[in-house]
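Have a look at the structure below, then the notes.
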Amino acid sequence: MARIYFKPRSIVVPGDVLAEGDDVEAESIYIERVGKKFIAAITGLFQVEEEDGKYRINIIPLEGAYIPKPGDIVIGLIRDIGITHWDVDIASPYKGVLTVQEVLDRPFNPATDSLKRYLDVGDYIVAKVLAFDRARDPLLTIKGEGLGRVSEGVIVEIKPSRVPRVIGKRGSMVNMLMKETGCDILVGQNGRILVKCPNKDLEEIVVLSLRKIEAEAHLSGLTESVKEFIREERSRRGV
């Protein structure tokens, strides 16, 4: 018989015994099995699903993870569609919830209409976090200027902890990137960045620049270093 020692969404630390029994299956490399016991190897958010008397457990690492805050602008990926809401991957231990009321400005009848008409699985969206507490998943909205389905551009993912470095003091880094490349760049607080450029070469330069910022975030003088890199790449490519 399976025994689960933590509630879903509990924060666990290395050494915690998460569960025990033959009817438990670990879906994470961060869980070690010792005999019939399952032990946490990292600090993270505990997840458990039960089906037909069997339990699947998982840990989502919290180190460097994006934790939503009301007012955050995020770039999400539609993962699933319910009757009156969408489940949204926001690169966080928590999934975003986008209700039909936060998309449409008119009544919606699920008996005669389908949410797929408006947003489908695989669509990216720019959204705002309306509300969040750790007892329930964050509520999103795409009502507002600059929000909605992403119809063009490329999405770049970086570590959420590097977002402040990409933005820079008072927007210095991201404004420099846009000025030097002529691209539009929207930085989501969850580490996803939407890049829209006049051509493929400039798009590649921005992506390389973002990777450079992510890798060298600990270095001083980074803005000037990235600016020089962009100018060298533009000269080399003739753009």
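The values are calculated or read from the model by the stated rules, or taken from the named source; none is laboratory data. Keep in mind that this is a model prediction, so the values were computed, not measured. Glycine gets a Cβ as well: all are built from the backbone with ideal geometry, and neighbour counts include every protein chain shown.
Observations, loosely collected:
- A single member of 153, 148, 168 is more than 27 Å from residue 59 (Cβ to Cβ), at pLDDT below 95 and surrounded by 13 or more Cβ atoms within 10 Å (Cβ to Cβ), and it is 168.
- Residue in the range 98-108 that is out of contact with any Cys (no Cβ under 6 Å at 6 or more places or on another chain), outside the structural domain of residue 9 (by TED's automatic domain parsing) and within 30 Å of residue 43 (Cα to Cα) present: yes
- Subset tally (residues that are surrounded by 12 or more Cβ atoms within 10 Å (Cβ to Cβ) and closer than 24 Å to residue 137 by Cβ) for the range 9-24: 7
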